[in-house]
Amino acid sequence: MKKIQVNEQFREDWNRVLNHIANLFYEDSKIVVSSDDADLSIQFTHSIDEDYTIHTSSVLTVDGQSYTSNYAIGYETEGTEKEQNIRMKRALSHVMLDVLEQYTGMTQQWGILTGVRPTKLYHKYRKEGKSDEEIFAILKKDFRISDSKIALMREIVERQLITIPDLDQIGKELSIYIGVPFCPTKCAYCTFPAYAIQSNRKAGRVESFIDGLHLEIRAMGKWLKENDMNITSVYWGGGTPTSIEAEEMDALYKTMFESFPNPEKIREITVEAGRPDTITLEKIEVLKKWGIDRISVNPQSYTDETLKAIGRHHTVQETIDKFWLSRNSGMNNINMDLIIGLPNEGIEEFQHSLDESAKMQPESLTVHTLSFKRASEMTHNKDKYKVADRDTVSKMMQMATEWTAENGYVPYYLYRQKNILGNLENVGYSKPGEESIYNILIMEEAHTILGIGCGASSKFVHPETGKITQYHNPKDPAAYIMTYEEAIERKIEMLNDLYGKVNIEQ
């Protein structure tokens with residue numbers, strides 16, 4: 001752990017922001033006020049003038065060497081207490097980032113931005129009426145974002161508005177996420193609800209979960225029908241929804257189409273079939289029966305040793321075979337995922353993954369950068385997994401950028417995560433016209449996502465103010481089985497509060 005000493009006891013939320021900046025440079029850091037064994041010392045000053053100009057400065061001292069930074073920014077109004085706090089945190093982040101860049105020699109392409117959704121910031125300024133040139137200047141000056149990352153944000157925003165022309169007005173609709181928490185095995189990097197299906201089936205939890213899911217779909221569908229709500233998109237995730245049997249899938253889709261209002265108006269339905277070892281011709285026929293042709297077949301890597309290391313019990317050849325089985329059986333919109341920085345993979349292995357992807361040309365390709373998620377097996381046993389360094393993962397991301405452009409893909413959504421290798425990002429690419437509506441909506445928080453099923457998170461977005469309220473279904477199947485009725489009641493209360501509709505009898 002890297003200990004960084006500061007000269008005063010900042011507010012807790014200020015310290016948290018400074019810690020986020022420090023973690024861009026060090027895997028694990030801690031802000032301390034006084035420590036005999038501190039690795040670095042940073043002295044801050046901060047003030048606000050009568051004309052609402054904020055001044056901050058920092059001096060980093062290590063091994064007798066000093067690095068300094070000064071920053072000032074003016075505002076036209078005093079701002080609310082909340083706005084003043086945000087402004088000060090941003091100004092302190094500037095000078096901290098600057099001295100750490102000087103000291104380490106690293107340049108953070110995302111500047112002081114540590115949030116998950118960079119493009120949401122771009123949309124905010126766009127909706128305020130600012131031009132692309134004005135937005136560029138703000139992102140560069142106020143957030144220290146590099147030219148290339150700003151250009152990426154702009155390209156993605158433009159593509160999103162082509163895909164969903166009514167993006168700014170879509171808040172009166174909602175989308176649905178349905179969580180099925182079972183997988184053949186759990187991947188080492190995963191923190192999603194993913195429970196081994198065979199042991200849970202033996203214990204009777206799979207059938208009990210599915211029974212509860214039918215009831216939750218019907219109850220939420222009843223509210224949506226009686227309140228005349230349009231559904232924009234539906235996403236079946238998990239886990240791996242294709243882990244269950246074909247007849248179980250068929251029955252659930254029947255319930256969905258019977259329960260949801262105006263199913264013919266749903267713009268997109270996606271089913272994650274991410275684990276190739278769950279895909280069968282019988283299951284593909286069920287998808288076709290219900291008109292669902294957008295699925296994922298996720299290789300993550302095209303190196304068998306890597307797949308074994310991360311706990312995916314399928315081979316590269318099985319990924320290839322299941323892709324072509326899906327394609328030749330009528331699946332016309334297939335997404336594939338690749339992960340940069342998986343254990344023991346470098347430039348050569350990632351180039352091989354791109355070469356294999358070129359043979360298949362899926363409609364969309366999502367390029368993830370490995371993130372050490374707190375609850376994952378990989379994080380708990382870090383010493384066991386050797387991953388690429390910052391320079392290597394940056395080169396791999398550049399390879400992905402060039403490959404997608406050469407193969408006719410465009411970037412259409414972007415998100416970031418904590419503890420992501422190289423402080424990079426995850427980018428969704430697609431052939432033009434094949435973008436995922438759901439991915440755009442959830443990343444831009446453009447409207448409510450109603451979560452149904454195990455581990456499903458509901459994000460209620462106020463259609464006028466944009467205020468967000470969340471509700472989480474239990475992740476564990478046994479807990480879900482015990483509490484889904486309570487979850488139904490609570491979510492209907494929240495929907496009534498949000499949309500001002502009448503109460504509906506259960």
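Brief remarks follow.
- Kirkwood hydrodynamic radius (C-alpha pairs) into Stokes-Einstein, segment 10-140, 20 °C and 1.002 mPa s, D in µm²/s: 133
- Greater than 22 Å apart at Cα, pairs in K149/K459; K172/K467; K254/K459: K149/K459; K254/K459
- Taking amide H atoms as placed 1.01 Å from N in the peptide plane, the amide H of L414 lies under 5 Å from those of G428, each 5 or more residues away in sequence or on another chain.
- Positive-end ranking of N85, P411, H20 along the dipole of the chain, with charges on Cβ about the Cα centre, is headed by H20.
- Farthest toward positive dipole pole in the chain [+1 Lys/Arg, -1 Asp/Glu at C-beta], among V157, G428, G291: G291
- Placing unit charges on the Cβ atoms of the charged side chains and taking the dipole of the chain about its Cα centre, the candidate lying farthest along the positive direction among Y75, H462, P474 is P474.
- In a reduced charge model with +1 at each Lys and Arg Cβ and -1 at each Asp and Glu Cβ, segment 174-496 shows a dipole moment near 600 debye about its Cα centre.
- Rounded D (µm²/s) - the chain, Kirkwood Rh over Cα pairs, Stokes-Einstein at 20 °C, 1.002 mPa s: 87
- Modelled FRET efficiency - R0 56 Å, Q84 with M482, Cβ distances, 0.05 increments: 0.80
- Cα gyration tensor category, rounded, prolate or oblate, for segment 109-159 with a/c compared to 1.5: rounded
- Once the C-beta distance of Q351 and A405 is scaled by a Förster radius of 22 Å, the resulting FRET efficiency is 0.90 to the nearest 0.05.
- For segment 392-416 versus segment 293-324, the gap between their alpha-carbon centres in whole angstrom: 20
- Sparse packing (at most 16 other Cβ atoms within 10 Å of the Cβ) combined with a DSSP loop state is found for the following trypsin sites (Lys or Arg not before Pro) in segment 1-45: R11.
- Loop-located trypsin sites (Lys or Arg not before Pro) in segment 419-506 whose Cβ has at most 11 other Cβ within 10 Å (DSSP): K467
- The phi-based Karplus calculation (6.51 cos²θ - 1.76 cosθ + 1.60; θ = phi - 60°) puts the 3J(HN,Hα) values of segment 416-424 at 10, 9, 5, 6, 8, 4, x, 6, 9 Hz, whole numbers, x for Gly and Pro.
Every number here is computed from the coordinates shown, using simple stated rules; none is lab data. Everything numeric here is computed off the predicted structure, so don't read it as measured data. Cβ coordinates were reconstructed from backbone atoms using ideal geometry, including for glycine residues, and neighbour counts include every protein chain displayed.
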